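Data block below; observations after.
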Amino acid sequence: MDEDVEKRGHTERDAWIERMHRTGPGVDWRAIELANAEREMRRRNRMAQDSSLVPLGGPWKEVGSANLAGRMWCATIASDGSTIYSGSDLGGLWKGDLNGTSWTPLGDNLYGGAYDVVSIPGETAGAPDVLLVRGANLYVTRDEGRTWEQPPGIVGVSSIRGIARFDDAAHTLLVLAQTTTLANAPAVFVSVDHGRTFTKRYQHNVSGNASFWVPRRGAGAVATIYLVVKGQCLVSTNGGTTFTALANADAGATDNVLTGSEAGSPTLYAALRNGSTWTLWRSDTAGASFVNAFTIGGFYGTLCASSIAPNVVVWGDVEAHRSTNSGATFTSINSWGDYYGDPAHKLHADLFGFDVYPDPANSAGEVWFFGSDGGLYKSLDSGGTVQNLCLHGLGVSQYYSTLTSRTSPSLIQAGAQDQGYQRGTYVAPNGSGPSTPFNQLISGDYGHLTSSDGSHARVISTYPGFVLISDGEAFPALSTVDFPAGSSHDWLPAVVADPLDARIFYFCGNQLWKYTRQANGTWLVTLQSTQDFATGGSYLTALAFAPGDPQRAYAVNDGGKIWYSTDHGVSWTLSSSSAPGQQYFYGNAISVHPTNPLEVAIGGSGYSTAGVVRSTNGGASFAPENQGLPQTLVYALAYATDGSGDLYAGHQTGALRWHRATGQWENITSLGSPITVYWSVEVVDGGGTARFGTYGRGIWDDHIRPIPSWATYGTGKTTSLGTLPALSASGTPSVASNDFAIQVDTGLPNKFGILLDSPTQNQVPFQGGTLWIGPTIHRGPRFTLDGIGYVSIPIPVGAGMIGMTRFYQAWFRDPQQSDGTAVGLSDAGCATFAQ
């Protein structure tokens, strides 16, 4: 592992992730996932605003890592001068202090990470700061992340390029966006009402990617904006109402990043891209002229200058490159490998975000923040030395895979993005925040952790370039072996341990390779099968053996083709399934029923076809299992081992449970769990816990609950309900999901009414019909019926609700009957609630 691997890995990893999100022509998976996530954000907002919907002591618990952070992007200092708000990649927004303690997540109800954050004082005395965040979209929170809103007024926008604030009386918020005007011309939007609404203050008349810089201190911090478009520098001194053109450093520039130092007049630095080359330009004349200072290599797009020393500027790629001579020469703050010997004082590899602010404790000083793939750092000497702020409590690890030992259940191994192969001893959560620290055994990216018997005696995983073998439950020793010569495979190829022999594992490529441990410690590599798995694709992406019969195996490739084997993977039969759009299915996960080897579920890209398919005939054919499943990428599947035969799934924005009894998928996330990518899942704790590895918020446990139920009210009663309008339910009545939909089907249009709710059942005449519930009745929400009506029922919360059954019946009338006599009653149903 070296710097070239680090640099190349970003491009190849991005391509791998893009391949997984396989879609049909013209399908935008990012737009679909954004819609999924914002629907979930609205659901969380409702839960946060209505205390009756909030689960008490929900089942989700955060495991870790408590000490190894993932990618951080940005930070800002709060109006109190002692608090910082910091944004992560897919782990939301966080609040801490300037010493890196007391980290609290504010973004678990926010999707898409936080790439920029701006803080202004609250609207009233004592109110929390108003926070503007650039993530998957532009969001505002006034209650430190409990609820989020998208401010109106930012229209005709294709992308957000930056956010900032003025240090003025109105606490003006600024947004730089690329717009649809002239196909890609930038514009500046402002808010003077604490982010409640935005208006366009300036529209540029030339198309091109833009960057802006707003002074952080001094007179310029009140109303000055510097803007660069196609190498052209402009300035506004009236808050962005008008701009004056200054020098053009490079008219051929297609992209740019602008920063400045208030200590000059000011001194401006612009990284401009021409072709594939990034060049750093400097202006000592406030943009009136520029000089070519330095050619940048491997630029990640982050650039920042000191607010007190015009000669100090830093840009980032694998390392942070610092100049103290105005960009003439640069040296690394530290080599990326130095981190592993001193993580408290050395930057982690891959720098994506720099921020500089005046030091609240020293008016002549400044505070630098460095966002890396290993967390957030602070510097009080303009980058001369750094302090890691993420050594405890910042739960933003990005995991591809976890493996909990069956023989020593407290031991957890995990593979992370750029935080290596990790090992931790489970610490029971006590309150909020990650509980379990992990040790990084080796750096890099690791996934597909697998062992023959579920223990840690020998664990196999992959890095983009070799297979890693960890030997030893108590004191693991690491070794590596090369990928098969001549194989075609994915960026992070799957490996699967042989369930019958701990000396053997299998490598998934265009063919299936078998690795056998020899007596001298080497590995013999042979072909397990001559089958060509490039049919309809390029290589295998998932493989699994049936726990109930290890001779039976299942495999899927990147083109959605599915095979099954009855002789331990030596010979294979192509499944006859040809579900609609199956060519757009990229297989990510396979889970075989724990006791029935003929039942198997396969998950993958579900944007142009079903994201999960299931077979009950040994793989001969598959059928979609998508009732309640959103259009999404399913990363992981695991069958429950509690005898229910249910399935757990991790997907792009959350976690699901498939209920065998209803054939429905249920959203099992809540206010107590993050909206992020759930990349892996395993059932642990003797079947009592589904453990999810997320790509951005660490490892989380969902403690498996009893299965809730919905049944027709009259079941088991001697008196028939007769022929009445039907009442049925979708979703599952659980405290964790907080609501489920009750459907009322009158068979008649233009009906409206009220849903009645009672803790008891009954059977008494009522307005010409029979009231099947009561005698204590609560009036639920009103609904409008047009043949079929839906009502979302909030669940009363409290420990006493768990295991309780409530009864529902719809009362409706025809509004065209002025005398109000045309009333009716539906049949009834009962819901039994689980935690």
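Report whether or not Gly444 is open to solvent by less than 20 Å² (accessible area, probe 1.4 Å), within 22 Å of Asn67 (Cα to Cα) and part of a strand (DSSP E or B). No; evaluated as a whole, the condition is false for this residue.
Looking across segment 583-601, the residues that are buried (at least 20 other Cβ atoms within 10 Å of the Cβ), within 22 Å of Leu449 (Cα to Cα) and either touching a Ser or Thr at 6+ places or on another chain (Cβ under 8 Å) or free of Cβ contacts under 8 Å to residues at least 40 places away in the same chain (or both) come down to Tyr586, Gly587, Asn588, Val600, Ala601. Only residues that are surrounded by fewer than 23 Cβ atoms within 10 Å (Cβ to Cβ), more than 17 Å from Pro630 (Cβ to Cβ) and in contact with a strand residue (DSSP E or B) (Cβ under 7 Å, 6 or more places away or on another chain): list them for segment 659-682, please. Listed by number, the residues that qualify are Gly672, Glu682.
Only one of the numbered conditions (1) in contact with an Asp or Glu (Cβ under 6 Å, 6 or more places away or on another chain); (2) surrounded by fewer than 20 Cβ atoms within 10 Å (Cβ to Cβ) is not met by Gly537, and that is (2). Among all positions in segment 48-61, there is no residue which is open to solvent by 30 Å² or more (accessible area, probe 1.4 Å) and modelled with pLDDT of 95 or more. Between Leu182, Leu173, the distinction of being surrounded by fewer than 19 Cβ atoms within 10 Å (Cβ to Cβ) and touching a residue at least 24 places away in the same chain (Cβ under 8 Å) belongs to Leu182 only. The set of residues in segment 298-308 being in contact with a strand residue (DSSP E or B) (Cβ under 8 Å, 6 or more places away or on another chain) and either aromatic (Phe, Trp, Tyr) or over 21 Å from Phe369 (Cβ atoms) (or both) consists of Phe299, Tyr300.
If you go through segment 615-641 and keep only what is closer than 20 Å to Leu403 by Cβ and either surrounded by fewer than 18 Cβ atoms within 10 Å (Cβ to Cβ) or among the hydroxyl-bearing types (Ser, Thr, Tyr) (or both), you end up with Tyr635, Tyr639, Thr641.
For Gln419, the criteria (1) assigned to a strand (DSSP E or B); (2) among the polar types (S, T, N, Q); (3) within 28 Å of Tyr539 (Cβ to Cβ) hold in every case but one, which is (1).
For segment 68-113, filtered to residues that are among the aliphatic types (A, V, I, L, M) and not in a loop (DSSP other than H, G, I, E, B), the residue that is nearest to Asn36 (Cα to Cα) is Leu93. The combined condition, being of a type outside the set (Lys, Arg), under 21 Å from Glu33 (Cα atoms) and within 26 Å of the chain's Cα centre (by Cα), is not fulfilled by Ala164. Within segment 389-418, the residues that satisfy the criterion of being closer than 23 Å to Val117 by Cα and buried (at least 24 other Cβ atoms within 10 Å of the Cβ) are Leu389, Cys390, Leu394, Gly395, Val396, Ser397, Gln398.
Just the residues that are free of Cβ contacts under 8 Å to residues at least 60 places away in the same chain and assigned to a loop (DSSP other than H, G, I, E, B), please, taken from segment 17-31. Passing the criteria: Pro25, Gly26, Asp28.
Exactly one residue out of Thr450, Thr436, Thr462 is surrounded by 24 or more Cβ atoms within 10 Å (Cβ to Cβ), farther than 21 Å from Ser372 by Cα and in contact with a strand residue (DSSP E or B) (Cβ under 6 Å, 6 or more places away or on another chain): that is Thr462.
Here Ala69 does not qualify as under 18 Å from the mean Cα position of the chain (by Cα), at pLDDT 95 or above, open to solvent by 30 Å² or more (accessible area, probe 1.4 Å) and small (Gly, Ala, Ser). Residues in segment 270-328 that are touching an Asp or Glu at 6+ places or on another chain (Cβ under 7 Å) and open to solvent by 60 Å² or more (accessible area, probe 1.4 Å): Arg273, Asn274, Ile308. Working only within segment 518-529, note down all residues that are within 38 Å of the chain's Cα centre (by Cα) and assigned to a strand (DSSP E or B). Those that are within 38 Å of the chain's Cα centre (by Cα) and assigned to a strand (DSSP E or B): Trp523, Val525, Leu527.
The values are calculated or read from the model by the stated rules, or taken from the named source; none is laboratory data. Remember, it's a predicted structure, so these values are computed and weren't measured experimentally. So basically every Cβ, Gly included, is an ideal-geometry build from the backbone, and we count neighbours across all protein chains shown. Side chains are part of the model used for accessible areas, which takes the heavy atoms of the whole protein and leaves out ligands, DNA and RNA. Shrake-Rupley method; radii C 1.70, N 1.55, O 1.52, S 1.80 Å.
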